[in-house]
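Here the structure is laid out as structure tokens; the discussion comes afterwards.
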Amino acid sequence: MALLNILDVILMILGGVGILYQAVCILTSFFAKPVTFHDAPADKHFAVLISARNEESVVGNLIDSVRAQSYPSQLVDIWLVADNCTDDTAGLARSKGCHVVERNNLDEVGKGYALTYLLNHIIDSEYARTYDAFFVFDADNLLDSHYIEEMNKAYQSGFKILTSYRNSKNFAENWVSSGSALWYIRESRFLNSSRMVFGSSCHVGGTGFMFSREIMERNNGWKFHLLTEDLEFTMDSVLHGDRIGYCGTAILYDEQPVTFRQSWRQRVRWSKGFLQVFRYYGPDLIRRAIRERDFSAVDLTLLICPFTALGAIRVFLGALFAAFGFVSWGGQIAALSSWASGIALSILTMMGLAALTIVAERNRIGASNKELFAYCLSFPIYMLSYIPISFMAIFSKPEWKPIQHKGQ
């Protein structure tokens, strides 16, 4: 039927454009000179924002890494919101000289609500006007000693919103942690680096980002509460005409989930969040892309486009129409066979993508060559698990749940 043909064409065009864009970004990252920033005076006052829920085992390491920065410590204040904590996260942070705000609200759960509460407190206490910009980190993060110094250079070059290079503390622990780490390293090395070359906007990835006081005041603090509040913040900023920058010399180390169950639960929530963001921001992004000829809007529309959901709808409709005799089962089986061939090709492509990421960033990845070879082979398994995850996200109602961290 015509509807099935239309869906096939849409999926083919969107998939083709997405693959082509990824290829262009990879080539650009290898052959174009990366964007760097000139030295800047260390005279800006920054606030570090940390949302922590029962993170007593790890948050001290993050605080210590902030204190150990090459940037003047008297110009960096640390604010932590102890969000529904039942351990001594708040006491530990206070003992290390942080500003601590305790929050107890089991109705509005999640990092977005915690950041809103924290920023509202900073605004009400009139500290907000003393800061030039705000950093956001997760409690399990660690910072390279020059992180804030490098971000300050990018900030003083004119960017109001910045993201950074996201590495992993536990890349080599197993195939689950390596799959997640490779995804983030690939995003930093190939996508965000190339977006800077193109003059396009990057996107904020959950942790390791900064926004200016001007952006904070425009948003009246933090107003983003979808399951992927970072992505929501990105889309809102692009729709306001902001260009989000990327500082590849500011390196953050994140702890990845190590069990497939943890990773599955986390990615179901993310996938549901992507659907939410596409629902609320997709139409406006498409309109901006057409009216303003804004390539960033095109790029980020592709980022949040629910390819897997569209594919699932296509398969369901094909089976439904075949069951009622509107189309032949043979035609639908042939279509599925074609898709299976595409999946087989994508497995080889993802192995190649993992290998390219490792070759490009080998000096930043802490793993043996033997481990890296194994993780190239396992990367497609990690990525293909997004197919059932994305399908499940259509019908699920995931809630934010903390992930146990080891504090490596």
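The values are calculated or read from the model by the stated rules, or taken from the named source; none is laboratory data. Please read all numbers here as calculations on a predicted model, not as lab measurements. Using ideal geometry, Cβ is built from the backbone for each residue, glycine included, and neighbour counts are taken over all protein chains shown. Heads up: the accessible areas ignore ligands, DNA and RNA and are worked out on the full protein's heavy atoms, side chains in. Shrake-Rupley method; radii C 1.70, N 1.55, O 1.52, S 1.80 Å.
Rank these by accessible area, largest first, 1.4 Å probe: PHE391, PHE321, PHE171, PHE31.
Values: PHE391 105, PHE321 30, PHE171 5, PHE31 170 Å².
Sorted by accessible area, descending: PHE31, PHE391, PHE321, PHE171.
Would you tell me the accessible area of HIS203, worked out with a 1.4 angstrom probe on the heavy atoms of the protein chains, in Å² to the nearest 10? Rounded to the nearest 10, that gives 10 Å².
DSSP assigns beta bridges within the chain; of those with both partners inside it, close to 25 percent run antiparallel.
In this rough spin-label picture, where each label sits 7 Å from Cα along the Cβ direction, the ALA355-ALA334 distance is 3.4 nm.
If a/c stays under 1.5 just call it rounded; otherwise compare a/b with b/c (prolate if a/b is bigger, oblate if not). Do that for the stretch 230-302, with a ≥ b ≥ c from the square roots of the Cα gyration tensor eigenvalues. Verdict is oblate for the stretch 230-302.
Legend: residue pairs LYS44/LYS153; LYS111/LYS160; LYS111/LYS397; LYS33/LYS370; LYS223/LYS397; LYS111/LYS223, Cα-Cα distance threshold 19 Å; pairs beyond threshold, LYS111/LYS160; LYS33/LYS370; LYS223/LYS397. The 1.4 Å probe gives accessible areas that order ASP254, ASP43, ASP77, ASP107, largest first, as ASP107, ASP43, ASP77, ASP254. Heavy-atom accessible surface of the chain, averaged per residue, reaches 45 Å², computed with a 1.4 Å probe. Comparing mean-square fluctuations of SER346, SER237, SER193 from a GNM of the chain with C-alpha springs under 10 Å, the top value falls on SER346. Computed from Cα positions, the angle between helix 2-31 and the longest principal axis of the chain comes to roughly 50 degrees.
Just to make sure I understand: if all protein chains stay in place, what is the order of VAL258, VAL197 by accessible area at 1.4 Å, largest first? If you can, show how the numbers build up before the last one.
Working: VAL258 30, VAL197 60 Å².
Ranked from most to least accessible, the order is VAL197, VAL258.
Going toward the positive end of the dipole of the chain, with +1 on Lys and Arg Cβ and -1 on Asp and Glu Cβ, which of TYR71, LEU356, THR207 do you reach last? The residue sitting farthest along the positive end of the dipole is LEU356. Be a star and scan the stretch 130-166 for residues whose amide nitrogen sits under 20 Å from the point 7 Å along the Cα-to-Cβ vector of ASN84. Answer for this model: 137-140. Rounded to the nearest 500, the 222 nm mean residue ellipticity of the chain from helices alone is -18000 deg cm²/dmol, with -39,500 (n - 2.57) taken per DSSP H run of at least 4 residues. May I ask you to derive the FRET efficiency for VAL9 and SER145 from their Cβ-Cβ distance with R0 = 56 Å, giving the value to the nearest 0.05? For VAL9 and SER145, the calculated efficiency is 0.60. Against the main long axis of the alpha-carbon atoms of the chain, helix 147-156 sits at an angle near 80°.
For GluC sites (Glu not before Pro), no site in the stretch 208-238 is both called loop by DSSP and has at most 13 other Cβ atoms within 10 Å. With the whole protein complex present, SER73 retains an accessible surface near 70 Å², based on a 1.4 Å probe. Rolled with a 1.4 Å probe across the full set of protein chains, the surface gives PHE260 an accessible area near 80 Å². Exposed loop sites are taken as trypsin sites (Lys or Arg not before Pro) in a DSSP loop (any state but H, G, I, E or B) with at most 14 other beta carbon atoms within 10 Å; the longest stretch of the chain without one runs 1-292. Quick one, which of [x] 38, 26, 17; [y] 37, 23, 22; [z] 33, 30, 23 is the actual semi-axes √(5λ) of the Cα gyration tensor in Å calculated for this model? Computing semi-axes √(5λ) of the Cα gyration tensor in Å and matching it to [x] 38, 26, 17; [y] 37, 23, 22; [z] 33, 30, 23 gives [y]. The length gained on full extension between ASN104 and LYS33, counted as 0.36 nm times the residue separation minus their Cα-Cα distance, comes to 20.8 nm.
Between helix 175-186 and the chain there is an angle of about 80 degrees, using the helix long axis and the longest principal axis of the Cα atoms. Charged side chains reduced to their Cβ positions (Lys and Arg at +1, Asp and Glu at -1) give the chain a dipole of some 1060 debye around its Cα centre.
For the stretch 183-324, a simple Cβ point-charge model (Lys and Arg +1, Asp and Glu -1, everything else neutral) yields a dipole of about 420 debye relative to the Cα centre. Sorting the segments 172-179, 83-90 by their residues' average number of neighbouring beta-carbon atoms within 10 angstrom, most packed first, yields 172-179, 83-90.
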